[in-house]
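Presented below is the structure to which this report refers.
The values are calculated or read from the model by the stated rules, or taken from the named source; none is laboratory data. None of the values given here were measured: they were computed from a predicted structure. When we count neighbours, we look across all protein chains shown, and the Cβ atoms used for this are built from the backbone with ideal geometry, even at glycine.
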Amino acid sequence: MNDLEAKTQLEKSGQFKVIERLNPPAVYQSGSPNTPRIGIVLDTETTGLDTNKDKIIELGFVAFEYDAGSGFIYRILHSYGGFEDPGEPLQDIIKQVTGINDDMLKGQHLDDDEIHTWLAKSDLIIAHNAAFDRQMLERRMQITAQTNWACTFNDINWQDEGITSLKLDYIAYKLGYFFEGHRALNDAQATLHLLSQPLPESGKLAMAELLNHARFKSRRFFAMGAPFDKKDDLKARGYRWMADFSYTDSYGKSKQGVWSIATNEENIEAEQQWLTEKIYAGKKALFTFKDITAVNRYSAQEFSADT
């Protein structure tokens with residue numbers, strides 16, 4: 001009995017679910033796309049989770065060809081994985097999670113020329129937690145602050161697809177495969193693979209859903225000077241507190257901290273009205289906003305006071 005027959009037999013009993021190790025293919029869809037684009041799925045491993053000060057220790061990416069209309073993924077164009085010495089010892093927790101140690105990093109440098117070449121070719125950069133990876137990379141490679149980004153963590157409604165955890169390895173399990181995680185290239189390959197799959201409830205192609213969401217325009221509101229007693233209303237509506245946000249109030253005083261939310265284009269007018277009436281209660285509305293597209297979504301630019 002070969003592996004496929006064994007898998008079929010086990011699943012036929014209804015007592016087992018068999019998942020396969022990911023062996024990334026060189027081609028996902030044969031032929032040529034009608035509207036060809038180049039995408040890059042990437043992942044970083046870092047010295048910590050602070051996007052303002054921690055450093056990249058590993059970068060992995062997969063460049064691929066896709067069709068902008070259908071979302072079908074075609075050829076793998078290039079893969080890269082590389083280490084970088086952060087110039088300081090790794091914390092034990094980072095060693096445990098990633099399997100990377102100081103000896104593996106000693107004297108290593110990312111190949112900036114190779115990475116930059118493919119970033120410059122790309123129409124879209126994708127990460128599973130783009131708000132983290134993008135902001136880490138923007139400090140390291142300026143080009144990543146000027147490109148379109150999308151996020152498999154946020155830009156697909158996994159809850160509607162019956163997937164309750166957004167961890168990459170769990171999504172992979174629910175889609176029928178597994179991989180060795182927490183290494184940059186492995187995670188990038190696993191993320192690309194999920195984009196090639198139909199979603200379990202809707203049957204829609206994951207890449208098509210990602211592209212659809214990435215094309216939406218949104219607006220991020222900053223409720224500056226919101227009354228303290230309105231914090232529960234803001235929190236209940238989905239606003240989050242941004243402690244590091246700095247701005248100057250109407251009296252010319254420097255302030256820090258603001259409640260913020262991103263709203264889809266069709267809800268912008270309603271959100272402005274809610275802020276004016278509910279939060280500022282007819283007083284001068286101090287909120288400001290920034291319009292968001294794939295160019296600045298998930299970037300540090302999205303969360304700055306500079307509009």
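How do the pairs read when you match residues in segment 99-123 that are more than 14 Å from Q142 (Cα to Cα) with residues anywhere that are assigned to a loop (DSSP other than H, G, I, E, B) and among the aliphatic types (A, V, I, L, M), using Cβ under 6 Å and keeping only pairs 6 or more apart or on different chains?
From segment 99-123, the pairs are D102/L90.
Could you pull out the residue among Y66, Y74, Y80 that is aromatic (F, W, Y) and more than 20 Å from the chain's Cα centre (by Cα)? Even if it seems obvious, please write down each step before you answer.
Values: Y66 fails: more than 20 Å from the chain's Cα centre (by Cα); Y80 fails: more than 20 Å from the chain's Cα centre (by Cα).
Result: Y74 is the single residue among Y66, Y74, Y80 that is aromatic (F, W, Y) and more than 20 Å from the chain's Cα centre (by Cα).
Go over the candidates R140, R134 one by one and state the one that is out of contact with any Gly (no Cβ under 8 Å at 6 or more places or on another chain) and surrounded by fewer than 19 Cβ atoms within 10 Å (Cβ to Cβ).
Every option except R140 fails the conditions.
Just to be sure before I move on: is A281 among the small types (G, A, S), over 30 Å from Y28 (Cα atoms) and in a helix (DSSP H, G or I) in the structure I sent?
no
Test of understanding: among G252, G203, G282, G257, which residue is under 30 Å from L124 (Cα atoms), free of Cβ contacts under 8 Å to residues at least 60 places away in the same chain and out of contact with any Gly (no Cβ under 9 Å at 6 or more places or on another chain)? Don't jump to the end; show me each part of the working.
Working: G252 fails: under 30 Å from L124 (Cα atoms); G282 fails: under 30 Å from L124 (Cα atoms); G257 fails: under 30 Å from L124 (Cα atoms).
Of G252, G203, G282, G257, the one residue that is under 30 Å from L124 (Cα atoms), free of Cβ contacts under 8 Å to residues at least 60 places away in the same chain and out of contact with any Gly (no Cβ under 9 Å at 6 or more places or on another chain) is G203.
Can you say whether G71 is assigned to a strand (DSSP E or B) and modelled with pLDDT of 95 or more, as far as the supplied structure shows?
In short, no.
Which one of these is touching a strand residue (DSSP E or B) at 6+ places or on another chain (Cβ under 9 Å), closer than 19 Å to G82 by Cα and in the same structural domain as L192 (by TED's automatic domain parsing): V41, V27? Full working, then the answer.
Numbers: V27 fails: closer than 19 Å to G82 by Cα.
Criteria check complete, one pass: V41.
Please find, among Q135, Q189, the residue that is in contact (Cβ under 8 Å) with a residue 12 or more places away in the chain and over 12 Å from the mean Cα position of the chain (by Cα).
Working: Q135 fails: over 12 Å from the mean Cα position of the chain (by Cα).
Criteria check complete, one pass: Q189.
Within segment 269-288, take every residue that is modelled with pLDDT of 90 or more and among the charged types (D, E, K, R) and give me the one that is nearest to S304 (Cα to Cα).
Residue satisfying both the conditions and the ranking: E271.
Any idea which of T191, T147 is in contact with a strand residue (DSSP E or B) (Cβ under 6 Å, 6 or more places away or on another chain), assigned to a helix (DSSP H, G or I) and polar (S, T, N, Q)?
Working: T147 fails: assigned to a helix (DSSP H, G or I).
It is T191.
Tally the residues that are outside any strand (DSSP E or B), modelled with pLDDT under 90 and not small (G, A, S), restricting the search to segment 225-256. Spell out the reasoning first.
Taking segment 225-256 and keeping what is outside any strand (DSSP E or B), we get 225-239, 249-253.
Of the ones still in play, those that are also modelled with pLDDT under 90 are 225, 249-253.
Filter once more, keeping what is not small (G, A, S): 249, 251, 253.
The total comes to 3.
Based on what the data block shows, is A294 in a loop (DSSP other than H, G, I, E, B), outside the structural domain of P33 (by TED's automatic domain parsing) and modelled with pLDDT under 95? Don't jump to the end; show me each part of the working.
Values: in a loop (DSSP other than H, G, I, E, B): yes; outside the structural domain of P33 (by TED's automatic domain parsing): yes; modelled with pLDDT under 95: no.
It is false that A294 is in a loop (DSSP other than H, G, I, E, B), outside the structural domain of P33 (by TED's automatic domain parsing) and modelled with pLDDT under 95.
Among I94, I156, which is touching a strand residue (DSSP E or B) at 6+ places or on another chain (Cβ under 9 Å) and either of a type outside the set (S, T, Y) or part of a helix (DSSP H, G or I) (or both)?
Values: I156 fails: touching a strand residue (DSSP E or B) at 6+ places or on another chain (Cβ under 9 Å).
I94 is the lone residue from the list that is touching a strand residue (DSSP E or B) at 6+ places or on another chain (Cβ under 9 Å) and either of a type outside the set (S, T, Y) or part of a helix (DSSP H, G or I) (or both).
Can you work out which of the residues in segment 1-37 that are small (G, A, S) and either surrounded by 10 or more Cβ atoms within 10 Å (Cβ to Cβ) or modelled with pLDDT of 95 or more (or both) is nearest to Q189 (Cα to Cα)? Give the steps one after another, and end with the answer.
Of all residues in segment 1-37, those small (G, A, S) come to 6, 13-14, 26, 30-32.
Those still in the list that are either surrounded by 10 or more Cβ atoms within 10 Å (Cβ to Cβ) or modelled with pLDDT of 95 or more (or both) too: 6, 26, 30-32.
Values: A6: 26, A26: 11, S30: 19, G31: 21, S32: 21 Å.
This residue is A26.
Within segment 277-298, restricting attention to residues that are within 18 Å of K230 (Cα to Cα) and in contact with a Lys or Arg (Cβ under 9 Å, 6 or more places away or on another chain), which residue is surrounded by the most Cβ atoms within 10 Å (Cβ to Cβ)?
Filtering segment 277-298 for residues within 18 Å of K230 (Cα to Cα) gives 277-288.
Still in the list and also in contact with a Lys or Arg (Cβ under 9 Å, 6 or more places away or on another chain): 278-281.
Values: K278: 12, I279: 22, Y280: 17, A281: 10.
Step by step, filter segment 277-298, then rank; the result is I279.
Starting from segment 4-18, take each residue that is more than 15 Å from Y177 (Cβ to Cβ) and list its partners that are of a type in the set (A, V, I, L, M, F, W, C) and outside any helix (DSSP H, G or I), counting only C-beta distances under 6 angstrom and pairs at least six apart or across chains.
Qualifying pairs under 6 Å: L10/F16; L10/V18.
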